[in-house]
Each structure stands twice: as C-alpha cells, then as structure tokens.
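Colleague: First the structure, then my questions, so here it is.
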Amino acid sequence: MSRVLVLHTGYGCDTGCCGHAVEVDDKEVEFFFTHPYQRPIKDFVKELVIKACGEEHVKDIDWDNCIVLDD
C-alpha cells in the first residue's frame, strides 16, 4: 500500500515561492502553486491527489486514519 502525502512546501527556488506538493512513498509526484483559500481542506486534498495521481487514488482514502493539518 502506498502512502500519499499532500504538504505545504517551498518550490525550491530563492524567490520564496510556495504551494503544495503531492508525494507518493516519499517521492514528489507533482507541485502546485496553490493553497486551499477558505475551501474545505478535504476537498482541496482530493483535488490535488486526483490531479497528480488519478481519480482511483481518492475513492478509498481512510480519512479516520489521516493526519490533516491546515496551518
């Protein structure tokens, strides 16, 4: 079973750019220059995982065993 993470992070440049990365098994799959901006965090996470990994990766998310931080 793979572990998928969505985390707030910098883009890796000196400009201070940030957004959210989707990682699968500790490898970055895709970076998005986006933030939830008052949207429900679960909807935001689902959207990013679908864009990075496909629809099939969100239908079995076990939200009860997820750590969701919105800081």
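Rule-based calculations on the coordinates, nothing more; no lab input. All of these numbers come straight from a predicted model, not from anything done at the bench. Using ideal geometry, Cβ is built from the backbone for each residue, glycine included, and neighbour counts are taken over all protein chains shown.
Colleague: Remind me, relative contact order of the stretch 4-65 in percent, using alpha carbon pairs under 8 angstrom and six or more residues apart?
Modeller: It rounds to 23 percent for the stretch 4-65.
Colleague: Can you work out the PRE-style zone for PHE32? Point 7 Å along Cα to Cβ, and I want the residues of the stretch 42-66 with backbone N under 11 Å.
Modeller: 42-54
Colleague: What is the set of long-range amide H partners of THR34 at a cut-off below 5 Å, with H atoms built 1.01 Å from backbone N?
Modeller: Those lying under 5 Å, H to H, from THR34 are HIS20.
Colleague: Hull surface divided by four, with the convex hull built on the Cα atoms of the chain: how many nm²?
Modeller: Values: hull surface 20.2 nm².
Hull-based average projected area comes out at 5.1 nm².
Colleague: Based on DSSP H runs of at least 4 residues, each adding -39500 (n - 2.57), what is the mean residue ellipticity at 222 nm of the chain after dividing by all its residues, to the nearest 500 deg cm²/dmol? Please report the intermediate quantities before stating the final value.
Modeller: Details: 1 runs with 13 residues, N = 71.
Rounded to the nearest 500, the figure is -6000 deg cm²/dmol.
Colleague: Ok, one more. Mind listing the long-range amide H neighbours of VAL29? Cut-off is under 5 Å, sequence gap 5 or more, other chains count too, H placed in the peptide plane at 1.01 Å from N.
Modeller: VAL22, GLU23, VAL24
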